[in-house]
Amino acid sequence: MPNFCLKCGAKLDEDSAFCMMCGAKIKEKTIPQVEDKKPKKQAEEKKPIPKTEEKKPQAPIKHEPAPVIAPTQPAQQQTYLKEKKPKTGLIIGIAATIVVIVVVLAVLLFFLFQGSINGGEGVGLSDTIKFYGTWDTSLAIPFIFNSDTSWDIELPLLGSTQVGYWTIKDNKIHLTASLSEDWSYLSGAYEYDFSSDGNTCTLTSTATSYFVITLTR
């Protein structure tokens, strides 16, 4: 506030709104504020300086070599290699089958050979085999037909004696008593008929139909 009235020059009391002498209104001088740049500058100086982060040195990047991929074989070639592997089970099965076939053929050839020795033309192999062995006869003299075509008879005191040979041909059994004249009357061809599951055989002479020999086991 001014100490003197600007109108009359009278001295003014502090905090007076009007002059006591002339009644003029006291105007307060407004003092322009001067910006203090120094504090601002100091404030700017006091601003914290942002810390810059130190960049850590990066580790060198290791370049690993690319994986080597083995070339794949074509599908057809792989299939061929799989098929080329030996199959043990299959080989064993084939070998066993071959062995069985060989054995069966050997047995058949053996009986065919025996049948050919016996003159078994036009005769079933089973018929030839049926005659093998010893038979009791209606003559009370056992006949023995051996597989080597020899024909024996068994006498009570002399035992087994060969009297000749036997063969089968044209569905007939041919007896030849060439080793003993005593039994020559039995020589000849006979028609045969098996019965009782092959345990009985009837021989009928082709020369004399009434001459029949019955064989039984």
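Put simply, of G164, G159 the only residue that is over 60 Å from the mean Cα position of the chain (by Cα), modelled with pLDDT under 90 and either β-branched (V, I, T) or closer than 18 Å to T134 by Cβ (or both) is G159.
Being assigned to a loop (DSSP other than H, G, I, E, B) and in contact (Cβ under 8 Å) with a residue 40 or more places away in the chain is the filter here; which residues of segment 166-190 pass it?
Residues satisfying the conditions are D170, N171.
The single condition among (1) touching a residue at least 60 places away in the same chain (Cβ under 8 Å); (2) over 17 Å from S138 (Cβ atoms) that C201 does not satisfy is (2). Taking segment 170-181 as the range and being more than 18 Å from S205 (Cβ to Cβ) and of a type in the set (D, E) as the test, only E181 passes.
The values are calculated or read from the model by the stated rules, or taken from the named source; none is laboratory data. What you see is a predicted model, and the numbers here were worked out from it, not measured in a lab. No Cβ is skipped: glycine too gets one built from the backbone with ideal geometry, and neighbour counts run over all protein chains shown.
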